[in-house]
Each structure stands twice: as structure tokens, then as C-alpha cells.
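**Student:** Take a look at the following structure, please.
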Amino acid sequence: MAHAKPTVSLQARNVSKSFTSGDIRSTVLHDLTLDVRAGELTLISGPSGCGKSTLLAILSGLQRPDGGQVFALEQDLNHLDTRALERFRLLHTGFVFQGFNLFPALNALEQVELPLSYLGLSPAEARRRAMASLEEVGLGPRMKLRPSELSGGEKQRVAIARALAKEPDLLFADEPTSALDAANGQIVIDILHRIARAHGTTVLCVSHDPRLVGHADRVLAMEDGRILSDRVPSQTSTPTSGLEEPSA
Ligand SMILES: Nc1ncnc2c1ncn2[C@@H]1O[C@H](COP(=O)(O)OP(=O)(O)OP(=O)(O)O)[C@@H](O)[C@H]1O
Ligand SMILES: [Mg+2]
């Protein structure tokens, strides 16, 4: 049995995935093999339609591959039935999306507390964790505000706090900055990076925002369902003010 090195938390082995629409069957992931390490922010970039979100869905157990294997925290996800997979995702994964996915009627604290009830935490423990997560993303003073009273960047930080409060081993983010301006995008990516460092979380982030590349520990370039390159950016992330503006 392939035994992962302790720092490798996610593995795809010869993963393939196709979709059929009408008579046309198109292959979205081609025999893709990949290791992702804990404690790092790994960025997947690539053109629209190349399979990034599909890869994230498969690595997080949301979709099943047609072929190949996925090991997450050394578990072969193929061996888990639907219920076990749901439980695995509940216990070990957090997700952050482009569109925040917040409930309009709930304030920030309530948004973060809500999923914790499914983990079986006591209300007091849920509140403690939710407050700590909101503090961690810099929203301590704004935790009583609802989405309509928060900026886009703040809403995304609530969504990150909601994922973080579960204390997941695996944190997935699909285009978390694409609805944000440069400064807020930078703040969000710095937070994701800090989470990887501080908690040893595996953070896997999809983005085609070139500004984020320098802030990742590792950048995978994807095209047509394949990983084309795997590199460590030369400029490792120094804390930034979040104020730099691209000139072109
Ligand atoms: N459920 C589905 N049924 C049919 N086709 C799908 C399905 N999900 C994805 N696809 C197709 O698979 C391809 C890859 O989609 P995917 O969402 O993974 O791309 P992406 O790299 O995330 O693109 P974007 O940057 O635009 O988000 C696309 O051509 C898409 O139309
Ligand atoms: Mg996508």
C-alpha cells in the first residue's frame, strides 16, 4: 500500500474524469497525478475550463473520479461509501468559494457558528471557536454585522473564518479572490497563507489571478486537464501591506 510521507496530505494517482453532454464526451482530467503537502499554500492556476474546479471537487471528495485514486489524509476515498465520504468531508475539510455563500439574515458570528453545530460541539464551545476564528481573520470588531453591512473582502473573511472554525486538515478555496479588488485579494491570500503556516493546514487554492502567484508556497499550472508545471515561486511571501497596485 502506498504510504504517504507524513507531510503529504493529498494525493491524486492517475485520476481521470469525463463529462458527457448529448453525444459528446469530453475528458476534463487526463491521468492526473499530484501530491499536495500540509502546511503549505498550493495554488492551481490555468485558463478557464481547464479542469481546476473539477480537480478540487475530486480531491475534496465532492465528486468521484472515473478512474484513478485519491488519498486524503492517507484514506483512499474510493473505499468510502457516500455516507462515510460525507462524514470525512464534515470532519476534515473546509471550503471557500468565489461568491462567499453567506446567509443574508445571519451576522458574522452566527454564520461561523452554524456549521459547528453539525460537528456536535456544545454551544459554548461553538461560540468560543467562532469568535477565535473571526479574531484570526481580523473581524473581531465586526462579528455582529450582517453580510449587507460588510465589504466584499470582509464577507470573504467571514467565509474563511467559517471554514477555519471547523479546524479542518484540508482547506479548499475556489477563486476566493476573483470577486475582490487587488488590496482585498491580497489580504485574503495572506490569511490563507498564514492559516497553512499556523495550523499546518493543507491549503489548496484555485485562482487565475497572477497577482497571487508570488504569495503561494507552490504553484501548479494546469492546462487541458493536466499539470504542466510545478514550481516554487522565487519571491516567497513576505508579509505585504496589501496596498500594491499592478501597473498594467
Ligand atoms: N457537471 C458537469 N457536467 C458537464 N460538464 C462539466 C461538468 N462540470 C464541469 N464540466 C466541464 O468540464 C470542463 C472543466 O470545468 P471546470 O469547472 O473544472 O473548469 P475550471 O478550470 O474550474 O474553469 P473556470 O476557471 O472557468 O472556473 C468545462 O468544459 C466544463 O464545462
Ligand atoms: Mg472553476
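The values are calculated or read from the model by the stated rules, or taken from the named source; none is laboratory data. All of these numbers come straight from a predicted model, not from anything done at the bench. Because the Cβ atoms are built from the backbone with ideal geometry, glycine has one as well, and the counts that use them run over all protein chains shown. To get the accessible areas, we keep the full protein, side chains included, count just its heavy atoms, and leave off ligands, DNA and RNA. Shrake-Rupley method; radii C 1.70, N 1.55, O 1.52, S 1.80 Å.
**Student:** When ILE160 is evaluated against the numbered criteria (1) out of contact with any strand residue (DSSP E or B) (no Cβ under 6 Å at 6 or more places or on another chain); (2) aliphatic (A, V, I, L, M); (3) under 16 Å from LEU180 (Cα atoms), which criterion, by number, is the only one it fails?
**Tutor:** The single condition ILE160 does not satisfy is (1).
**Student:** Considering (1) farther than 23 Å from ILE160 by Cα; (2) at pLDDT below 95; (3) touching a Ser or Thr at 6+ places or on another chain (Cβ under 9 Å), say which one MET1 fails and leave the rest.
**Tutor:** Only one criterion is unmet by MET1, namely (3).
**Student:** Would you call LEU29 over 24 Å from GLY200 (Cβ atoms) and within 14 Å of ligand 2 (Cβ to nearest atom)?
**Tutor:** Values: over 24 Å from GLY200 (Cβ atoms): yes; within 14 Å of ligand 2 (Cβ to nearest atom): yes.
Spelling it out, LEU29 is indeed over 24 Å from GLY200 (Cβ atoms) and within 14 Å of ligand 2 (Cβ to nearest atom).
**Student:** Can you tell which of VAL96, VAL112 is among the β-branched types (Val, Ile, Thr) and within 14 Å of the chain's Cα centre (by Cα)? Quick ask: steps written out before the conclusion?
**Tutor:** Details: VAL112 fails: within 14 Å of the chain's Cα centre (by Cα).
Residue meeting the stated conditions: VAL96.
**Student:** Now a separate question. Just to be sure I understand, how many residues within the stretch 169-185 are in contact with a His (Cβ under 8 Å, 6 or more places away or on another chain) and open to solvent by less than 10 Å² (accessible area, probe 1.4 Å)?
**Tutor:** 1
Table: residues versus (1) under 22 Å from VAL203 (Cβ atoms); (2) among the charged types (D, E, K, R); (3) open to solvent by 70 Å² or more (accessible area, probe 1.4 Å).
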residue: HIS92; (1), (2), (3): yes, no, no
residue: GLN98; (1), (2), (3): yes, no, yes
residue: ALA105; (1), (2), (3): no, no, yes
residue: ALA108; (1), (2), (3): yes, no, no
residue: GLU113; (1), (2), (3): no, yes, no
residue: LEU116; (1), (2), (3): yes, no, no
residue: GLU135; (1), (2), (3): yes, yes, yes
residue: GLY138; (1), (2), (3): yes, no, no
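**Student:** Residues to consider are VAL36, VAL70, VAL8, VAL15; find the one that is within 15 Å of ligand 1 (Cβ to nearest atom) and out of contact with any Phe, Trp or Tyr (no Cβ under 6 Å at 6 or more places or on another chain). Write out each step before concluding.
**Tutor:** Values: VAL36 fails: within 15 Å of ligand 1 (Cβ to nearest atom); VAL70 fails: within 15 Å of ligand 1 (Cβ to nearest atom); VAL8 fails: within 15 Å of ligand 1 (Cβ to nearest atom).
The unique qualifying residue is VAL15.
**Student:** If a residue has to be more than 9 Å from ligand 2 (Cβ to nearest atom) and at positive phi to count, how many in the stretch 32-57 make the cut?
**Tutor:** Total meeting the criteria: 2.
**Student:** When you go through LEU43, LEU77, LEU56 one by one, which is the residue that is open to solvent by less than 40 Å² (accessible area, probe 1.4 Å), within 9 Å of ligand 1 (Cβ to nearest atom) and of a type outside the set (S, T, N, Q)? So that I can check it myself, show each step before the final result.
**Tutor:** Details: LEU43 fails: within 9 Å of ligand 1 (Cβ to nearest atom); LEU77 fails: within 9 Å of ligand 1 (Cβ to nearest atom).
None of the others qualify; the one that does is LEU56.
**Student:** Is it true that VAL28 is within 16 Å of ligand 1 (Cβ to nearest atom), part of a strand (DSSP E or B) and in contact with a helix residue (DSSP H, G or I) (Cβ under 9 Å, 6 or more places away or on another chain)?
**Tutor:** Working: within 16 Å of ligand 1 (Cβ to nearest atom): yes; part of a strand (DSSP E or B): yes; in contact with a helix residue (DSSP H, G or I) (Cβ under 9 Å, 6 or more places away or on another chain): yes.
When the stated conditions are applied, VAL28 passes them.
**Student:** Go through the stretch 64-74 and count every residue that is surrounded by fewer than 16 Cβ atoms within 10 Å (Cβ to Cβ) and at pLDDT 95 or above. Even if it seems obvious, please write down each step before you answer.
**Tutor:** From the stretch 64-74, those surrounded by fewer than 16 Cβ atoms within 10 Å (Cβ to Cβ) are 64, 66-67, 74; that's our starting set.
When the remaining residues are screened for being at pLDDT 95 or above, the result is 64, 66-67.
So the answer is 3.
**Student:** Failed condition for SER18, given (1) at pLDDT 95 or above; (2) open to solvent by 30 Å² or more (accessible area, probe 1.4 Å); (3) outside any loop (DSSP other than H, G, I, E, B); (4) away from ligand 2 (no atom under 14 Å from the Cβ), with all others met?
**Tutor:** Exception for SER18: condition (2).
**Student:** Looking at ASP217, ASP224, ASP209, ASP190, which one is open to solvent by 10 Å² or more (accessible area, probe 1.4 Å), within 16 Å of ligand 2 (Cβ to nearest atom) and closer than 21 Å to PHE97 by Cα? Write out each step before concluding.
**Tutor:** Details: ASP217 fails: within 16 Å of ligand 2 (Cβ to nearest atom); ASP224 fails: closer than 21 Å to PHE97 by Cα; ASP190 fails: within 16 Å of ligand 2 (Cβ to nearest atom).
After applying the criteria, what remains is ASP209.
**Student:** Tally time: how many residues in the stretch 22-81 are of a type in the set (A, V, I, L, M) and more than 17 Å from the chain's Cα centre (by Cα)?
**Tutor:** Looking only at the stretch 22-81, we keep the residues that are of a type in the set (A, V, I, L, M), and these are 24, 28-29, 32, 34, 36, 38, 41, 43-44, 55-59, 62, 70, 72-73, 77, 80.
Narrowing further to those that are more than 17 Å from the chain's Cα centre (by Cα): 24, 28-29, 32, 77, 80.
Adding up the residues that qualify gives 6.
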